[in-house]
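J.: Pasting a structure below so you can have a look.
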Amino acid sequence: MYKKRLYLLFIAPKRDNYDMKEILSGNEAIARGAFEAGCLVASAYPGTPSTEILENVTNYKEINSSWAPNEKVALEVAIGASFGGARALVCMKHVGVNVAADPLFTASYTGVRGGLVLVAADDPEMHSSQNEQDSRNYAAFSKVPMLEPADSAECKEFTRLAFDLSEKFDTPVMLRSCTRISHGKSIVELGERKTDLPAPKLVKDAPKLVMLPGNARVRHPLVEERSIKLSEFGDTSNINRMELHSDEIGIICAGVTYQYVCEALPDASVLKLGMVWPLPANLIREFSDKVKQLFVVEELDPFLELQVKALGISCHGKDFIPLCGELSPGRIRDAFAKAGIAESVEESSLQNIELVPPRPPNMCPGCPHRGVFYELNRANAFVTGDIGCYTLGFMPPLNAMDTCVCMGASISMGSGIVRALPEEEQKRVVAVIGDSTFLHTGINSLMEMAWNKAPATVIILDNRITAMTGRQENPASGYTLSGEEASEVNIPELCRVLGIRNVRTIDPYNLEETRQAIIEEMNRPEPSVIITNRPCCLIKGADRFRKSTVLEVDQGKCTGCKACLRIGCPAIEWKPNQNGDRGKAFIDPLLCTGCTICQQLCKFNAIGGRK
């Protein structure tokens, strides 16, 4: 389709002179830290807020970096590189750790050869996620250490340290970020790349690397001993430090909450934890002895609080700090004020007085998914949805998505729902999934649907890219992370190989074709797949696939019926008339892509090519 894709990435340029400082985001700093640590292999699946890490790693040509089909594969690639003796980095958002949990738990037993670092980027407040899970629980559950930086400088330094700890203690190391740390910027001092590492080579060591039960039983006690040694390391390492100001109030915190605490309560003593698992038990006891009241301030779960209480130390935490959502200096100070420990703050000082108009999320003008959801709504389909920008199909006025749980679940849920329904109701079930999500975890689901003959319809919205996270490549796009041509998964043929006999490809810009395909496949008493064939309108060069020129509304023909508004296109505005009649539609020429969906809806031929 294209010879080579061009990218506009905001990446800190590589320099030969490292004796300098730069303002970097946390994600940029993690990438820089991996480079300086001598990392040789990096793998990831894109997911906000972690996506930019790997996109910035590509700036360092010494690192072999690539997207993987999903997070499990990405971690296994990194584990393989580590077993070969190379330092390896793997990055994902918090829900991606769920997908990667299988190899993570066993890699804790095998340990490493080259340093292995897993970055998990949490998303408190769910800015772009379906849940608020706390990745610190995975560190404790899998018995691997976790570091948590508080700014971009620590992102870089902790990444370097994580590789060292990984090799010193023979363990994968998790690095926890969050949205504010990943996307916030601060000053970072650049350093030189570590070049004195052993060269990668193959070493046979089956007792360590082959986790059959006999070998795993031997490795488990080593994991427990490792946790004790890491806790002792934390007691003396400057990665955990006490900042003593007052003997009245002591606060234990980590990561971005350290910044909030310092701003909200500058006179309080603080124990700042850089390693949040395993905890430095002796250091925590020492700190608690120095203050009259001990508090734990942390976002999401009472992870640190429960561990401190398990040490037999009395403290306050979630009894007055919110359990859900992000914290902030204002929220923290307000919580302490309500407890009578700090002065209250005027409400106006905690809010932005200037009111900002609401901006609900919406599909882009010309999005090839819009017509599909419009027709699904008209067909009264029960749509099992998935994770992607097409999840916005649930929003008004399309209102055409009824479930959304996790990556790849739409097909599995559709397959399950039809088994619980009478035959007539089964016809309404349609699963919708994007091309990248299908390749992520939808393939197994479609295989199950075909195998068990679940009579549901699947629509694969193939827009040639991983659109939601910023238009990253995937195995069906035909290009690698660096934009080089690569093998291209043939999705229609793959569906047939999995056992689906009824596979058809449609043009989603053609409403009549889309409507007919949906109705016919919904009435088919066996599994079927519809695949759309229009690329994301934001891909460079996608304009060659548009159907016409920019459109406009003939105000003389427009009757004000509002049919064109039913698709919710941001390019279409409604301008009421001053004389009190119904008003007219107007198409913004700067936003219109000429997809013609609105033109097909207008029964009065009021929409045509711009003259």
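The values are calculated or read from the model by the stated rules, or taken from the named source; none is laboratory data. Not measured: the values here are computed from a predicted model. So basically every Cβ, Gly included, is an ideal-geometry build from the backbone, and we count neighbours across all protein chains shown.
J.: Limited to the range 48-71, what total is found for residues that are under 15 Å from the mean Cα position of the chain (by Cα) and either more than 14 Å from Val117 (Cα to Cα) or of a type in the set (Gly, Ala, Ser) (or both)?
T.: 10
J.: Can you find even one residue in the range 477-484 that is buried (at least 19 other Cβ atoms within 10 Å of the Cβ) and farther than 30 Å from Ser50 by Cβ?
T.: Just the residues of the range 477-484 that are buried (at least 19 other Cβ atoms within 10 Å of the Cβ), to begin with: 477, 479, 481.
Keeping just the survivors that are farther than 30 Å from Ser50 by Cβ gives none.
No, there is no match, as no residue in the range 477-484 is buried (at least 19 other Cβ atoms within 10 Å of the Cβ) and farther than 30 Å from Ser50 by Cβ.
J.: On to the next question. Can you report the number of residues in the range 375-394 which are under 18 Å from Lys427 (Cα atoms), out of contact with any Asp or Glu (no Cβ under 9 Å at 6 or more places or on another chain) and in contact (Cβ under 8 Å) with a residue 40 or more places away in the chain?
T.: Residues meeting the conditions: 5.
J.: Modelled with pLDDT under 95 and either over 18 Å from Ile53 (Cα atoms) or not assigned by TED's automatic domain parsing to the domain that holds Gly317 (or both): is that true of Leu161 in this structure?
T.: no
J.: Checking the structure you have, find out if any residue of the range 405-424 is surrounded by fewer than 21 Cβ atoms within 10 Å (Cβ to Cβ) and either outside the structural domain of Val529 (by TED's automatic domain parsing) or in contact with a Phe, Trp or Tyr (Cβ under 8 Å, 6 or more places away or on another chain) (or both).
T.: yes
J.: Which one is surrounded by the most Cβ atoms within 10 Å (Cβ to Cβ) among residues in the range 97-116 that are within 15 Å of Gly85 (Cβ to Cβ) and aliphatic (A, V, I, L, M)?
T.: Residue satisfying both the conditions and the ranking: Leu116.
J.: Quick one: Glu132 ticks every box in (1) at pLDDT below 95; (2) in a strand (DSSP E or B) bar one, so which box is it?
T.: (2)
J.: Related question: Can you pull out the residues in the range 280-314 that are closer than 15 Å to Thr257 by Cβ, assigned to a loop (DSSP other than H, G, I, E, B) and either at pLDDT below 95 or among the acidic types (Asp, Glu) (or both)?
T.: Glu298, Glu299, Leu300, Asp301
J.: With the range 355-432 as the region, which helices (runs of 4 or more DSSP H) entirely inside it contain at least 3 residues that are touching a Ser or Thr at 6+ places or on another chain (Cβ under 8 Å)?
T.: Passing ranges, in order: 370-378, 409-420.
J.: For residues that are buried (at least 24 other Cβ atoms within 10 Å of the Cβ) and among the polar types (S, T, N, Q), scanning just the range 451-470, find the one that is nearest to Val529 (Cα to Cα).
T.: Per the stated criteria, the residue is Thr457.
J.: For the subset of the range 156-170 comprising residues that are out of contact with any strand residue (DSSP E or B) (no Cβ under 8 Å at 6 or more places or on another chain) and touching a residue at least 12 places away in the same chain (Cβ under 8 Å), which member is surrounded by the fewest Cβ atoms within 10 Å (Cβ to Cβ)?
T.: As a first pass, look at the range 156-170 and keep what is out of contact with any strand residue (DSSP E or B) (no Cβ under 8 Å at 6 or more places or on another chain): 157, 160, 164, 167-170.
Adding the requirement that they be touching a residue at least 12 places away in the same chain (Cβ under 8 Å) leaves 157, 160, 164, 167, 169-170.
On the way: Glu157: 21, Arg160: 21, Asp164: 14, Glu167: 19, Phe169: 19, Asp170: 16.
Only one residue tops the list, namely Asp164.
J.: Give just the number: which of (1) among the charged types (D, E, K, R); (2) surrounded by fewer than 17 Cβ atoms within 10 Å (Cβ to Cβ); (3) modelled with pLDDT of 90 or more does Arg333 not satisfy?
T.: Here Arg333 meets the rest and fails (2).
J.: Same structure, new question: Name the one entry in Asn510, Asn474 that is of a type in the set (S, T, N, Q) and at pLDDT below 95.
T.: Numbers: Asn510 fails: at pLDDT below 95.
Among Asn510, Asn474, only Asn474 is of a type in the set (S, T, N, Q) and at pLDDT below 95.
J.: Of all residues in the range 98-113, count the ones that are free of Cβ contacts under 8 Å to residues at least 60 places away in the same chain and in contact with a strand residue (DSSP E or B) (Cβ under 8 Å, 6 or more places away or on another chain). Lay out the reasoning, then the answer.
T.: Kept after step one, since they are free of Cβ contacts under 8 Å to residues at least 60 places away in the same chain, are these residues of the range 98-113: 100-103, 105.
The next check asks that each one be in contact with a strand residue (DSSP E or B) (Cβ under 8 Å, 6 or more places away or on another chain); those that pass are 100.
Here the count works out to 1.
J.: Considering only the range 219-267, state which residues are surrounded by fewer than 23 Cβ atoms within 10 Å (Cβ to Cβ), more than 30 Å from the chain's Cα centre (by Cα) and of a type in the set (A, V, I, L, M).
T.: Leu222, Ile228, Met242, Leu244, Ile249, Leu265
Yes/no per residue for (1) assigned by TED's automatic domain parsing to the domain that holds Lys143; (2) at pLDDT 95 or above:
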site: Leu212; (1), (2): yes, no
site: Arg226; (1), (2): yes, yes
site: Glu248; (1), (2): no, no
site: Pro266; (1), (2): no, no
site: Gly274; (1), (2): no, yes
site: Trp277; (1), (2): no, yes
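J.: Follow-up. Test Glu448 against the criterion of being free of Cβ contacts under 8 Å to residues at least 24 places away in the same chain, in a helix (DSSP H, G or I) and surrounded by fewer than 24 Cβ atoms within 10 Å (Cβ to Cβ), and give yes or no.
T.: Details: free of Cβ contacts under 8 Å to residues at least 24 places away in the same chain: no; in a helix (DSSP H, G or I): yes; surrounded by fewer than 24 Cβ atoms within 10 Å (Cβ to Cβ): yes.
No: the conditions fail for Glu448.
J.: OK, next. Among the residues of the range 561-587, which ones are farther than 26 Å from Thr514 by Cα and surrounded by fewer than 17 Cβ atoms within 10 Å (Cβ to Cβ)?
T.: Those that are farther than 26 Å from Thr514 by Cα and surrounded by fewer than 17 Cβ atoms within 10 Å (Cβ to Cβ): Trp574, Lys575, Pro576, Asn577, Gln578, Asn579, Gly580, Asp581, Arg582, Gly583.
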